[in-house]
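The values are calculated or read from the model by the stated rules, or taken from the named source; none is laboratory data. As the structure is a computational prediction, the values presented were derived from the model and not from experiment. Ideal geometry is used to build each Cβ from the backbone, glycine not excepted, and the neighbour counts take in all protein chains shown. For the accessible areas, the whole protein counts, side chains as well, though only heavy atoms, and no ligand, DNA or RNA atoms are used. Shrake-Rupley method; radii C 1.70, N 1.55, O 1.52, S 1.80 Å.
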Amino acid sequence: MLNPRMISRLFAQDTNRSQSDPTPLTGIGKLTLRMKGIIGFVALVAYIAVAGVLIAQQREALLHNVQELEQIHARQDALTKVSSSLAHAVTEVNAAYYEVQVAPRFDNIAIDVEAVQAGLHALTTDSPALTKIVERINQNITALRAMPVRSGLLGLRDNMHVLVGELDTITRGVSERRKILSDAYRIAYNSITVIALTMGMAGIILFGSVTALFFSRLAWDLNTLEKRARQVVKGYRGEPLPVTRHDEVGGLMKAVNQMQSDLRNHEQQLEIVRQQRFHQERMAAVGSLAAAIAHEINNPIAAITGATEEMCRTQRQGLCSSHGNSCSPDLVLEQAQRIARITRQISDLTAPQSAQSQLMDVNGLLRSTGNFLCYDQRLRETGINYDLDNQLPALLAVPDEITQIAVNLLINAADAIAAVPGLHGRIDLSTRVEDHAIVIAVADNGCGMSEAACEHAFDEGFTTKSNGSGIGLFMCKSLAEAYGGTVEITSTPGKGTRVRVCLPFETETSSVTATG
């Protein structure tokens with residue numbers, strides 16, 4: 001019968017381990033897929049904003065150039081008109097200068113000069129030299145109005161020639177400024193084009209590459225995750241999947257690894273349960289066979305024992321003349337009692353035991369288990385040396401589970417001795433009380449194990465035997481840990497191995513001690 005409490009303890013331990021090792025998806029330096037998407041969107045918006053700012057700056061420069069070019073065009077138009085009026089006025093002045101009478105042409109000259117002055121009004125604001133020339137021309141016109149003589153025309157003609165030279169200078173400056181602005185306009189226009197194309201292509205390449213890389217890695221990780229999930233379903237229990245992400249996909253990787261770990265632990269527990277079932281069925285079969293054999297031989301043994309006891313009484317009364325020669329009733333009685341003791345030991349050990357925890361005599365259980373195993377061929381020549389603490393407290397446990405621990409440890413010790421041909425083997429079974437725990441120790445002088453083998457001795461499936469299953473020590477460790485205990489192993493190659501099982505006991509049971 002299986003032990004449901006043992007199964008529940010093992011599964012509870014596995015659940016507690018899973019809950020005590022959480023694997024959060026987010027934290028400092030860890031971004032979810034949603035957060036990565038938001039960051040990507042913000043980066044794209046920021047990139048577009050930077051590109052927009054750069055283009056806007058160039059656009060402002062371009063607009064400023066356009067406005068200034070418009071002003072230059074207006075200034076050139078004004079200069080053209082002024083130059084035309086000035087040319088006509090100069091012609092009139094020259095013609096009047098060479099005529100005998102000045103007065104008849106003065107009115108025409110005054111009208112032409114006023115036309116020139118009207119055109120110069122928009123130009124004098126940016127040219128102080130023009131202002132001075134216009135003032136001198138006004139003085140010449142005033143003088144001519146007061147006295148229209150030839151000498152007055154001479155001053156007017158000279159000032160108008162100076163005005164022509166100044167207008168030529170202004171015209172050349174405006175033309176040069178127009179050329180500069182035109183070049184700046186082309187540069188700004190080309191800059192806007194280059195910035196737009198460059199930022200656009202760079203953005204497409206950058207964000208396209210990042211997006212392609214992100215989704216390629218995401219697809220790769222998801223594909224790897226799918227393959228590992230299929231492998232786990234098919235029975236893969238090797239190394240866990242490396243977690244290279246800290247987002248939701250990384251959480252899925254951790255979940256798959258946790259599922260793999262849980263399945264491995266559950267399979268180990270099921271293997272323990274299977275071994276328990278096998279042990280119980282084997283012991284039940286041995287018990288049934290022992291009961292049948294005991295039933296068949298108890299009656300003959302009782303008859304032999306009765307006849308032998310009668311012979312012994314006759315011998316003690318001095319009525320047997322053959323005693324010591326052909327009649328040895330004591331020997332027959334001793335062997336009959338030995339057969340009865342063996343059948344009783346087998347029956348006691350293989351009798352059905354409770355699957356519930358109960359106060360038990362650890363020393364008595366170990367001695368019964370050792371005596372039973374001594375009939376195994378591997379232990380016939382070796383035997384077991386007992387060093388049991390008579391003051392050992394009672395232990396609250398399932399007797400069958402402690403029996404399994406003792407059987408596995410003793411069989412391992414016997415196998416280690418058998419691995420060394422011709423060795424005079426020795427197995428020591430001892431019990432002690434240390435720090436509120438019962439310590440069961442099994443030591444042998446067999447082949448021993450290396451340090452590397454000791455590190456993996458309790459791993460499921462690990463064995464140094466050619467025909468071993470690798471489940472014995474793993475089961476011992478699992479059963480001991482289910483009681484809150486521990487198992488330790490020390491070994492030296494060629495010298496032997498010692499295994500210590502520590503099982504805590506309840507303080508209130510310490511008053512109940514074993515008899516040894």
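Efficiency by 1/(1 + (r/R0)^6): what FRET value for A212 and R186, r their Cβ-Cβ distance, R0 = 35 Å, to the nearest 0.05? Working shown, then result.
Working: r = 38 Å, r/R0 = 1.08.
In this case the efficiency is close to 0.40.
Ignoring ligands, DNA and RNA, how do K227, K465, K254 rank by accessible area with a 1.4 Å probe, largest first? Intermediate results must be reported in sequence, preceding the final value.
Numbers: K227 115, K465 65, K254 40 Å².
From most accessible down to least: K227, K465, K254.
Over the Cα atoms of segment 229-268, what is the Rg over Rh ratio if Rh follows Kirkwood? Write out the running numbers ahead of the final one.
Numbers: Rg = 10.2 Å, Rh = 10.4 Å.
The Rg/Rh ratio comes out at 0.99.
Give the ranking of E401, E114, E166 by solvent-accessible surface, highest area first, calculated with a 1.4 Å probe. Write down the numbers at each step before the final one.
Working: E401 0, E114 95, E166 45 Å².
Result, largest first: E114, E166, E401.
Based on the inverse mean of 1/r over its pairs of different Cα atoms, what is the Kirkwood hydrodynamic radius of segment 114-257, in Å? Display every interim value, and only then the final one.
On the way: mean 1/r = 0.0427 Å⁻¹.
Result for segment 114-257 stands at 23.4 Å.
Starting from the Cα gyration tensor of segment 413-503, multiply each eigenvalue by 5, take the square root, and state the resulting semi-axes largest first in whole Å.
Working: eigenvalues 100, 55, 21 Å².
Working through the eigenvalues yields semi-axes of 22, 17, 10 Å.
Using per-residue counts of other Cβ atoms within 10 Å, averaged over each peptide, order 36-49, 234-247 from highest down. Before the final figure, lay out each step's value.
Values: 36-49: 12.0, 234-247: 13.6.
Answer by packing, highest mean first, reads 234-247, 36-49.
Give the ranking of L252, L392 by solvent-accessible surface, highest area first, calculated with a 1.4 Å probe.
Working: L252 90, L392 0 Å².
From most exposed to least exposed: L252, L392.
Please give the solvent-accessible surface of M259 in Å², to the nearest 10, using a probe radius of 1.4 Å with every protein chain present.
Near enough 80 Å² of accessible area.
Set the Förster radius R0 to 25 Å, insert the Cβ-Cβ distance between T193 and Y47 as r into 1/(1 + (r/R0)^6), and round the FRET efficiency to 0.05.
Numbers: r = 19 Å, r/R0 = 0.74.
Efficiency, rounded to the nearest 0.05: 0.85.
Simple spin-label model, 7 Å along Cα-to-Cβ: F462 to T224 in nm?
Reported label-point gap for F462 and T224 is 2.7 nm.
Hey, rough spin-label estimate for E68 and N108, points 7 angstrom out along Cα→Cβ, what's it come to in nanometres?
Here the modelled spin labels are 4.4 nm apart.
Using a 1.4 Å probe on the protein heavy atoms only, what accessible surface does V210 show? Give it in Å² to the nearest 10.
Surface open to solvent at V210 totals about 80 Å².
State the dimensionless ratio Rg/Rh of segment 354-467 (Rg: radius of gyration of Cα atoms; Rh: Kirkwood radius). Can you show the working numbers first?
On the way: Rg = 15.0 Å, Rh = 15.3 Å.
A ratio of 0.98.
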